[in-house]
Amino acid sequence: MDLTECRRQIDEIDRELTQLLEQRLHLVAQVAGYKKAQHMEIFDPRREAAVLKRIAALANNGELAPYLQNIYRCIMAESKNYEAEKMEDIWVTK
């Protein structure tokens, strides 16, 4: 496969990932509303550890598992940032 074709496929995967990440963030906003109503903390270390373990188990190529976990650490960090923002918005609007 040549470079142009590799990049075309990467661009398509990026498009799909963006759509999925938008869906994920929509759900994060819903979680923020629930946590706000229940007076829960944003960070749940047990949940985060479980997600990272599950991601490693989902990897078809075990060699890639640490890289996927690092990507998910970034996703979860931004999700927590977004969740905090949404919780503040919920507080301000009520």
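Of the accessible area of the chain, computed with a 1.4 Å probe over protein heavy atoms only, carbon and sulfur atoms account for 57 percent. Enclosing the Cα atoms of the range 10-94 in their convex hull gives a volume equal to 99 cubic angstrom per residue.
Summed over the residues of the chain and divided among them, the accessible surface reaches 81 Å² per residue at a probe radius of 1.4 Å. Cross-link partners for Lys36 among the aspartates and glutamates, with Cα-Cα distance under 19 Å and sequence neighbours closer than 8 places in the same chain left out: Asp44, Glu48, Glu78, Glu83, Glu85, Glu88, Asp89. In terms of its C-alpha gyration tensor, the range 3-55 comes out oblate, because a/c is 1.5 or above while a/b does not outweigh b/c. When only the Cβ of Lys, Arg, Asp and Glu is charged (+1, +1, -1, -1), the dipole of the chain relative to its Cα centre reaches about 500 debye. GNM on the chain, alpha-carbon springs under 10 angstrom: the most fluctuating residue among Glu83, Glu41, Glu63 is Glu63.
Computed with every protein chain present, the accessible area of Arg8 is close to 130 Å² [probe 1.4 Å].
The values are calculated or read from the model by the stated rules, or taken from the named source; none is laboratory data. The model shown is predicted, which means the values in this text are computed figures rather than measured ones. Here Cβ is always computed from backbone atoms with ideal geometry, including for glycine, and neighbour counts include all displayed protein chains. Protein only, heavy atoms only, side chains kept; ligands, DNA and RNA dropped before computing areas. Shrake-Rupley method; radii C 1.70, N 1.55, O 1.52, S 1.80 Å.
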